[in-house]
Structure formats: structure tokens, C-alpha cells
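The values are calculated or read from the model by the stated rules, or taken from the named source; none is laboratory data. What you are looking at is a predicted structure, and each value in this text was computed from that prediction instead of being measured. Reconstructed Cβ throughout: ideal geometry from the backbone, glycine too, with neighbour counts over all protein chains shown. The accessibility values were calculated without ligands, DNA or RNA, using every heavy atom of the protein model including side chains. Shrake-Rupley method; radii C 1.70, N 1.55, O 1.52, S 1.80 Å.
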Amino acid sequence: MKKNIFISLLLAFAFVISGCGSTSKTGGDAEGTAAVEMQKSQIALGSNGTDFSLPLTFTKLLDSSYQVELSDFRLSVTGCTVHTITFDPAALVFDGGLNTQETLLVTGAFDQNCTPTGFTLTATQKVTKDGQSKTEEVTFSSTSSGDIPTSGYDIINATTPLIIGESNTGYMISMQVVKDGYVAPGETVKLRAFNDEDGRIEATSTYTATTDVNGIARFDYVSPGVLPLEGTSAILFADLMDENDTGVIATQEIELIFSQNGSTDIIYTIVPDQNITVTDTLQSHQIKVALSKQEIGQPAQPAVGEFVIAEFVMPIYGALAQYEAVVGADGFARFSYTSPESMPSVNDVNITFYYKNNHTVRGETKIIFDKQTVSGVSKMYVVPESFTVTEAGQTQEITIVTVNEENIGVSTTVTLEQPFFNNTDYGSFDKTSVTTDLSGKAVVAYTAPDAITGLSERNITVTETSAIIHKELNIKFGTPDTLGTNYEIVVDAPASLAVDDTDQITVKIVEVGNPSNVIANGNVHEVNLTSQFTNILTFASGSATFSYDSLGTKAIAVETKTLSGVAVIAVSASVYNGDHDVVLNALVPVTVLSGPVTAISLFYVGSSENELGAFINTYTIHAIDKYANPAREGVVLSPSLINGVKLAETDSSPTGQITAGTPVTFEDALKDFGIVGITTEDRLIIVPNSTRYAQSYLGGWSIDDVAGQSLTLSESYFGATADNLSYVIGNESRSLLGDIALASIASKTGSYATDANGNVQFDIVFDPALAGHTATIAAHAYDTNRTGVAKVAGLRWGHYNSTVEKVDNDGNDHNVTLTLEICNSKDEPIERLVDVEIVPEGIVSNSSQCDLNVSAANDLHTDVNGQITVQIYTKATDPAVAECEISWSKSNSHIYLEY
């Protein structure tokens, strides 16, 4: 069955990796956070005493939304020295559901006759989801549990027990035959017939297998359409036949353990800690997960000794020290969580835990990234703290900076009093409540009143609302009637500096209201500058301070660090004003912007319906620089979309290739783009696969010319030639069983430029008839270099309808036709759900007495009327159930992706 199911993601961050690492209690040991487990196997020798073979079966511990790849295998054997070795295949790719299996066959030769007593297999493991991946080295080891007999026949390395976690899913049953201690090719193994309730043998396979050159017999087993109760097991028997095919030499039992559905005899319940609030980076937390079991009529008891699995945590959200834990005497399994090195842009993320023997028994712990606590506001700066108004209508820009104890910016709300007070006009602010951005910065504009005669001074209270921090902003009016010249400090700085760079600022001491009148050098006694934010900006050689004297104007070198944000410099000057000595003080904000964009993520936000009846999927693009700072404001992120597909090459052996040059070209030696109707009105989107996911070429490309197997692209590409690329070509229009249905992209704000937090939000607006269908979505930026992202996703919608058909529970099979519909947001049917493939598990019954007959020729592809026809088998074993109601689940997760 297809593996690429349209899955509704629960997280608001698109590219979230999760998984689990464990080893079977009957299998080999593993080191590293393995996303698969290895069944225990023994090395079998060839008849020459040096050749060997080792079939290794691995079971996936993640669901179908994750792809796991093992590659770069290395094998060491205890008691023997490997002379030559081959791994077939060179890489294992697990793209199915939980508990699906793949087999690695290791063959080779030792340098001399020897007796292997164990082995260690090391591999590079890569876990991928939505283009994001985590790569690490994992090690599996096994010791021989018994010697292979040196006389007679034996069966070894059988895939038993085989844990069945998904219905109607293919599993490989294999075993290895040895004779007189060596592999036995050409032998006949027969699998005895078994009940349909325990599964079936694939139609393309048989119940008889002949051992290959390595003595291995294989059977293609398919799990039943309805899994038996949790904990139910079945035994299959495989017989090794004699040379006349009449007698049985040896029998191998294959135990099937079904672990999908909840048992009616024992009910397991899992309850993890509900919330963990992160209040700092690299902070440690213990997560407790309660697992209990309850037999009918008995009180719940701790499931002591059972195992709980945790899904993988993407490094940007932190890490778990272990991904499997045993339930202790107090009923809890314990996991150690460490928060990430820098705070992510999302507010929270869920970590899923589940019972190892039944992954449907699961619960979640929400990790809350409390930026107001973590990076809780501890300081606020109002810059300048004081200024003088010398003219009516004068304007002044006021910068507010909010930071935590580490001087890292915090987004928060700040309020200001209006200057109007006691029936007197002291001017106005353009806003009296502002929210600082993620760098902690907000700007307020002040405008002086139309007349300043008679005004002297006004103190304005500025309040940060979460930590209740108050600051005073002092506004003076007119030229003070003092002896000497009234001076002030002015700092000229670039509008912004770049991270990890050097630049300069210029300090001037000038007359208030007459900035061209700079103080004489001889009247400057001493000037001291102090960076209040040394994690963002320092002076030359990393110094936090800088001093000079005898200069009215001074250019000063500054160095920026890798953190973007707003740095505040305190300046103090001792000067002679022509009559007496005075001390001047000023605070100066310096904005340090993030560097060029180096990574982009694309994530789904939600669905809605507009006033015209069109459906909307909202996405956010988030961009960061190489130091994980949010992209600076104003970087253009260009989204693109393919609805109607002319060519989709997303299988396991893609052959696309991009080559830099003038112009950039994209080629596929196996495709003629002109023949399939591709034109310059179409676009190319390169999507990630397990080996090709560099953001330099991912995303959308405009097509300038089509010539046979080559496309000329409009945009620039700066990377090396990349082959084996997956891609989709098409446009916004598609024909849906003869009707044209459109999908397009619309900006939320009228712009695709990043906001102050590095985000761009956009809508995919689509014809309601497209709900449940598949689109390719992408985004890219040209910010020094090209950075892109792409994903194949369903057009999501939350309102479907299905007819309900009744069948008699009489022990017979019944054909049922269901009509599937798309509803509006008021759950009123408006369209038939046409031309989509329905996942078999989406056919549901109100009773376990009836279910889909997966062996029948079911038509699960909706026709022009939105109809599917399926066969339902009935058990008739419960007289209390006279009939069953059959319908579709009405869920996006039970619609297959189209490619």
C-alpha cells in the first residue's frame, strides 16, 4: 500500500523531526538514539569455511511521517577477521509505518577459517521529516546464543517474533537453512496455510520458497485488514521439506504479536507530565510518564516493568537523554529533557510518549518556551532618557529596548503616558502602547505641540507590563536660562550594523538646538563610553569601554558579535561650557541586524473559508541567518505553488540535475520535457529527498526555455552541480475530472518581506473542490546567496461528509457504496470529493463484527460522483449485533497524497 499518507500535523512548525530509539528485548543491543531495532541474528558460514552471510532484519520505531535511512555500514566480527564484505542494499530506507521492516544482507569472506562468536554493526542513521533531518552514528551488537549444529539440518535467523503494528501492511518473513554447519541453498521451505484473521500471503508470492545461495527462504506476509485484540498472538509454521518434498525435516515457528488495538481484557493508560515550562537555554527537566494497566473488574495498577517510548526531539527544540524507559515500582517511566542552546521561534512543541507494545496508547507533554520567563524581562531602556524641545512641532524618535538578565531581547508590551497633562499640551506620541519585537526593540515618535511658550518640563512614565518596570522619559522645553552654552551628546551611527562585523560610530558634543556648533576640543575634559550589551557589541579588541579627551568629534571603532538585537551604549562627558564644568550623559541605541538568510522553514498554520466561499490554507515562512538569528526585517521570501502537475519525479530513484552557469540549467536524461507539455508558463519546484536536501537548490524556479531533456531557469544558482534531484513541474491550474480548479498564493499583508521576527505569512486560496488533493509548496530567498525550501502537502480541510450504509451481520461479504462530500465551514455539503484515493483504514464500522475486506477488489478511488465501492466482511459471532454501520472517517489523514 502507499506510504505517503496525507497527515495532519499537530505542530505549527513545519519541519519537525521526532522518533524513538530502542532495541528489542530479544534483539541485539544498540548505542545511539536508534530509530530502528535489530533482530538477533547469527553469522552462517559457506561450505568453504571462509565465506559468510548474515541477514539482519530491522524494525522501524517511527510512524509513516518519518523516513529513516541507514547507510555507510561497517561490520566487525568477534573471533574472525573480515577480508571482503558486501552490504545489500548499500542503504536501507524505511518509509513505511511503525514496525515495518527492512532486511540487510551482509555477505563476505574471512581471511581464514574461524568461528564467529558475535559481531558489531555500525551505521550512519538519518531521520527525515518534511525536509528536516537528524544524522548520527548508531551501533548494533549481537553475541551468538548457541552454536550452529555441525551435522544435520537447522533453521536459524528467522524473523520471530514478528510484531504487527499496522493493518494491511506488508512484512517480510525470512529464515536461513543450514546443513552440517554451512548454508544450504536450493532447499524447499513451505509455509503452512493459516487463517485469514491472522493475515495472508501477498498475491504475488506463494506459500513455498526455495532457499537462495545464502540458504535464505523468504515469504511476503500481509497483516490482516483488522488487527486482533492487543496482545493477541498467532503462530505460523514453516516446514523444511526433504528432497522428495514429502517429508518434513525441520519446522520453524513464526510468532506474530499484534499490538495495534486496545485489549478488552487489559486496558493500558498512559499519562505523561502535562506541561514543562522552559525558562532558560540548556535547562534540564525530568519528564515523568505514568503507565497503568487495568483488567476488567479490577482497579488500575502500575504497569511495572513495561517500556515507554519517546519520539525523537528535533535539536532546535532540545534533546532527550534517552528514548526508552522502563516503568518503575511507582508506576512512572522517567525521561531527562534538556532545552535547546537558543530559544526557538515557536511558543511550544509536543513530545509524544507511547507504550512500546501498543503505539496507540500514547500521550503528550507540551514543552512551553516561555519567552517572558525564560528570557523574562529584567531591564528596560528608554533612549534617549531626556531630550530638549527648542521648536514647536519638533519631532523626536524614542527607542525602547527590553531585555533579560543576559541582555537578550524579549518581546513584551510597553505603555507610555500621553504628554497632555493638567489641561496643558506637552505634545503627543504616535502610540501609547507598543510591543517590542524579538530583538526587544520598539520605536515611538514624539511630536512637540504647536506652541512651546510657557512650557518648562514634563516627565513621562514608561511601563513594561509583564515585569512592571517603570522608567521616566524627561522632556525639557526651550533653551535653559543658564550661564554658559548648553551642550548635548549626539552619536552618529549607521542605521544598522551587521552581525560579526566591524564598523564605527561618531560621538559629537554640540550645542542644543544648534547641532552645527561643535564644542571646542580644548573644552572636552574626558568622554567615557560603555557598551551595556557586550554580547551584541563591543569596542576595539572586544573591550566593553572606550575613553578619550580633548576632541569635540571622535570616530570610534566597534565590533559586533553573532547575536542580533539592539545594543545600548552609555556615554558620559565632562566638558567646560564656557562658564563652568558640566557633566553630560546620554544613552544611544545601536541596531545590529542578522546576517544573510541561510535557512528557511515552511509550516502550516491553519485553515479557513473567506467571504466568497474559497478555502484557505495559511502558511508561515520563517528565515534565519547562520547564527540562528531571525532574518532582519525586509528580506523578500518568495513563495510558490504547484496545483496542476505535469511531471512529478518524487520516487526513490530521481534523475533530475541542476547545473550552475549562465544560464542555469535543469536536466533529466530520462524525460523529454517538451513531450509532456511543459512550457515557460510552468514552474519547477525541487523537493527534498533522502540524499538531496541542500537549501541552495530547493524551492521554486521560473522556466525561461524548454528544450527536450533540458530546462533553462531564470534565477541564479551558485552551488555545485547536483544530481538525483526530486522535482515537480506544473502550475496553479488543474483539471479535476474535466473541471478546472485553481489554487493561488496571496500575501497576508500585501508584502512578502520579512517582519521584525523573520517571518512572512501567506495564504493558499483554493477552489473547495480541491480539498484533500495534493499540492507542492515552496519558498526561496536571494539574500547574498539563494536559500530555498519545499514540501509536498495536502490541501487541508476539516469539514467532510460521508454517507452511512448498513449491512447485515450475517457472516457474508457485502458490497457497499459510500458517497464522500466536501462541506463548507458550516458543515453544509457543497462539493463531491472526487478523484482522490482513500486510505483503507479510513473505512470504519461502528462494530468490530464488520470491517473492510482488504483482500477484495475494493475501489477506493472516488469517481465523478465522489463514490467508492468496498467489500465488508461480517463475522456474525455476536448475536447482539444484527447489523453494522459503515462509513468513511471524514479525515484528511485518510486521504493519500497523490505523489
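Note on the range 376-466: enclosed strands (runs of 3 or more DSSP E) holding 1 or more residues that are modelled with pLDDT under 95 and over 49 Å from the mean Cα position of the chain (by Cα) are 386-389, 457-464.
Does any residue of the range 690-705 turn out to be surrounded by 14 or more Cβ atoms within 10 Å (Cβ to Cβ), among the basic types (Lys, Arg) and under 18 Å from THR655 (Cα atoms)? Looking through the range 690-705, at least one residue is surrounded by 14 or more Cβ atoms within 10 Å (Cβ to Cβ), among the basic types (Lys, Arg) and under 18 Å from THR655 (Cα atoms). Taking the criterion of being under 28 Å from LEU438 (Cα atoms) and either in a loop (DSSP other than H, G, I, E, B) or open to solvent by 50 Å² or more (accessible area, probe 1.4 Å) (or both), the residues of the range 346-363 that qualify are VAL346, ASN347, ASP348.
Run down SER133, SER151 and say which single residue is open to solvent by 40 Å² or more (accessible area, probe 1.4 Å), among the small types (Gly, Ala, Ser) and assigned by the TED database to the domain that holds GLY46. Unique residue meeting the criteria: SER151. Going residue by residue through the range 310-333, is there one that turns out to be among the aromatic types (Phe, Trp, Tyr), outside any loop (DSSP other than H, G, I, E, B) and under 30 Å from THR534 (Cα atoms)? Within the range 310-333, one or more residues are among the aromatic types (Phe, Trp, Tyr), outside any loop (DSSP other than H, G, I, E, B) and under 30 Å from THR534 (Cα atoms). For the subset of the range 655-689 comprising residues that are charged (D, E, K, R) and in a loop (DSSP other than H, G, I, E, B), which member is most open to solvent (accessible area, probe 1.4 Å)? Per the stated criteria, the residue is GLU681.
The criterion of at least 2 residues that are farther than 29 Å from ASP154 by Cα is met by the following strands (runs of 3 or more DSSP E) wholly inside the range 41-141: 67-78, 92-94, 118-129.
Within the set SER336, SER342, the sole residue that is in contact (Cβ under 8 Å) with a residue 24 or more places away in the chain, assigned to a loop (DSSP other than H, G, I, E, B), hydroxyl-bearing (Ser, Thr, Tyr) and open to solvent by 40 Å² or more (accessible area, probe 1.4 Å) turns out to be SER342.
Exactly one residue among ILE895, ILE868, ILE886 is surrounded by 20 or more Cβ atoms within 10 Å (Cβ to Cβ), under 33 Å from the mean Cα position of the chain (by Cα) and touching a residue at least 24 places away in the same chain (Cβ under 8 Å), and that residue is ILE895. Every test in (1) modelled with pLDDT of 90 or more; (2) closer than 24 Å to ASN724 by Cβ is passed by SER653 save one, and that test is (1). Picking from residues in the range 535-574 that are of a type in the set (A, V, I, L, M, F, W, C) and open to solvent by 20 Å² or more (accessible area, probe 1.4 Å), the one that is nearest to PRO384 (Cα to Cα) is ALA570. Of all the residues that make up the range 161-180, how many are open to solvent by 40 Å² or more (accessible area, probe 1.4 Å), farther than 22 Å from TYR355 by Cβ and not charged (D, E, K, R)? Here the count works out to 2. Scanning the range 833-856 turns up no residue that is open to solvent by 60 Å² or more (accessible area, probe 1.4 Å), over 14 Å from VAL807 (Cβ atoms) and modelled with pLDDT of 95 or more. Under the condition of being part of a loop (DSSP other than H, G, I, E, B) and either open to solvent by 10 Å² or more (accessible area, probe 1.4 Å) or not hydroxyl-bearing (Ser, Thr, Tyr) (or both), the residues counted in the range 748-803 number 20. Restricting attention to the range 386-420, the residues that are under 15 Å from VAL462 (Cα atoms) and open to solvent by 60 Å² or more (accessible area, probe 1.4 Å) total 4. Residues in the range 707-747 that are free of Cβ contacts under 8 Å to residues at least 60 places away in the same chain and outside any loop (DSSP other than H, G, I, E, B): ALA707, SER710, LEU711, THR712, LEU713, ASP739, ILE740, ALA746, SER747.
Of note, PRO596 satisfies the criterion of being more than 30 Å from ILE830 (Cβ to Cβ) and not in a strand (DSSP E or B). Which residues, taken from the range 617-634, are open to solvent by less than 20 Å² (accessible area, probe 1.4 Å) and either modelled with pLDDT of 95 or more or not in a loop (DSSP other than H, G, I, E, B) (or both)? Across the range 617-634, the qualifying residues are ASN617, THR618, TYR619, THR620, ILE621, HIS622, ALA623. Number of residues in the range 814-830 that are open to solvent by 30 Å² or more (accessible area, probe 1.4 Å) and more than 17 Å from SER891 (Cβ to Cβ): the value is 6.
Go over the candidates ARG218, ARG200 one by one and state the one that is among the charged types (D, E, K, R), within 30 Å of TYR873 (Cα to Cα), touching a Phe, Trp or Tyr at 6+ places or on another chain (Cβ under 9 Å) and crowded, with 16+ Cβ neighbours inside 10 Å.
After applying the criteria, what remains is ARG200.
For the subset of the range 645-654 comprising residues that are of a type in the set (D, E, K, R) and in a strand (DSSP E or B), which member is surrounded by the most Cβ atoms within 10 Å (Cβ to Cβ)? Looking at the filtered set, the residue picked out is GLU649.
Can you find a residue in the range 602-609 that is of a type in the set (A, V, I, L, M, F, W, C), part of a strand (DSSP E or B), open to solvent by 40 Å² or more (accessible area, probe 1.4 Å) and modelled with pLDDT under 90? Yes; the residues of the range 602-609 include at least one that is of a type in the set (A, V, I, L, M, F, W, C), part of a strand (DSSP E or B), open to solvent by 40 Å² or more (accessible area, probe 1.4 Å) and modelled with pLDDT under 90.
Taking every residue in the range 581-592 that is open to solvent by 40 Å² or more (accessible area, probe 1.4 Å) and pairing it with any residue that is among the basic types (Lys, Arg), at least 6 positions away or on another chain, the pairs with Cβ-Cβ distances below 8 Å are PRO589/LYS441.
Within 30 Å of VAL361 (Cα to Cα), hydroxyl-bearing (Ser, Thr, Tyr) and open to solvent by 40 Å² or more (accessible area, probe 1.4 Å), is that true of THR208? In short, no. Checked against the criterion of being modelled with pLDDT under 90, of a type in the set (Val, Ile, Thr) and more than 30 Å from LEU236 (Cα to Cα), the range 96-119 contains one or more residues that satisfy it.
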